[in-house]
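The values are calculated or read from the model by the stated rules, or taken from the named source; none is laboratory data. These figures come from a predicted structure and were not determined experimentally. Please note: Cβ atoms are built from the backbone with ideal geometry, for glycine as well, and neighbour counts cover all protein chains shown. Surface accessibility is based on the protein's heavy atoms, side chains included, excluding ligands, DNA and RNA. Shrake-Rupley method; radii C 1.70, N 1.55, O 1.52, S 1.80 Å.
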Amino acid sequence: EAEVALVGRSNVGKSTLMRELTGHSFDTGGKPGVTRSPNHYDWSAENFVLTDLPGFGFMSGVEEDHREQIKTDIVRYLEEYADKILVAVLVVDGKSVVDIIDRHTGPDSIPYDVEMFHFLQDLGVPTVVAVNKMDKVDDRDERLDDLAERLGLYPPWKQWQETIAPISAKRGQLEPLYEAVRTHLHEQERDDLF
Ligand code: GDP
């Protein structure tokens, strides 16, 4: 069955988004790092399975080696199912993602979101970056241009609307995400025809 996989650091609003997409309730604001294994749900509006991968990143009370294990598990899952995953949705927090990327960029370090984005591209999995919490962002276009640039996508971000989808899960404003996902699905249907 066709699969859409959600990945993202903890606290970006992945549970809130999952709830909006599926109509199920999820343990939002719960203990980070608790979702250990991939969970599968029906995406009510569409005819495919949504896979929620564990949140990754700083989690208070979670040991470093456990964090690394979660990261390894996510990478293994994506590698194993790359052929079945129609679209990956990388969820980020629009309010903080650029600062976090800049803080973690160094001679020997690649920020998680950037690394994950490139990893998914290397796997050949079409990826949509769902930039969540846009209700908290004032300088919208500037922020999204900065993010595009950090991901190696030449600004303006509006050229990349099949890749960058500004949303507010909390407010149920998800249309750009639906649009972007649909674009990829249609591209693949076309590819399947020829
Ligand atoms: P997860 O750890 O990624 O599953 O994140 P949660 O879904 O638990 O959300 C973390 C926090 O962000 C919660 O306090 C949510 O209410 C809040 N949140 C989620 N989506 C949005 C959004 O679109 N806008 C705002 N302002 N807050 C959000």
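Which residue is farthest from Met18 (Cα to Cα), if the candidates are limited to segment 81-102 and must be among the charged types (D, E, K, R) and at pLDDT 95 or above? It comes out as Asp102. Yes or no: segment 95-114 includes at least one residue that is closer than 21 Å to Leu185 by Cβ and more than 13 Å from the ligand (Cβ to nearest atom). Taking every residue of segment 95-114 in turn, none turns out to be closer than 21 Å to Leu185 by Cβ and more than 13 Å from the ligand (Cβ to nearest atom). For segment 159-194, filtering for residues that are more than 16 Å from the ligand (Cβ to nearest atom) and in contact (Cβ under 8 Å) with a residue 12 or more places away in the chain leaves 12.
Selection within segment 158-194: residues that are in a loop (DSSP other than H, G, I, E, B) and open to solvent by less than 90 Å² (accessible area, probe 1.4 Å). The member of this set that is nearest to Gln121 (Cα to Cα) is Thr163.
Does Glu115 meet the test of being under 13 Å from the mean Cα position of the chain (by Cα), farther than 20 Å from Leu17 by Cβ, open to solvent by 60 Å² or more (accessible area, probe 1.4 Å) and not hydroxyl-bearing (Ser, Thr, Tyr)? Yes; evaluated as a whole, the condition is true for this residue. Scanning segment 117-141 for residues that are within 14 Å of the ligand (Cβ to nearest atom) and under 22 Å from Tyr81 (Cβ atoms) yields one hit, Ala130.
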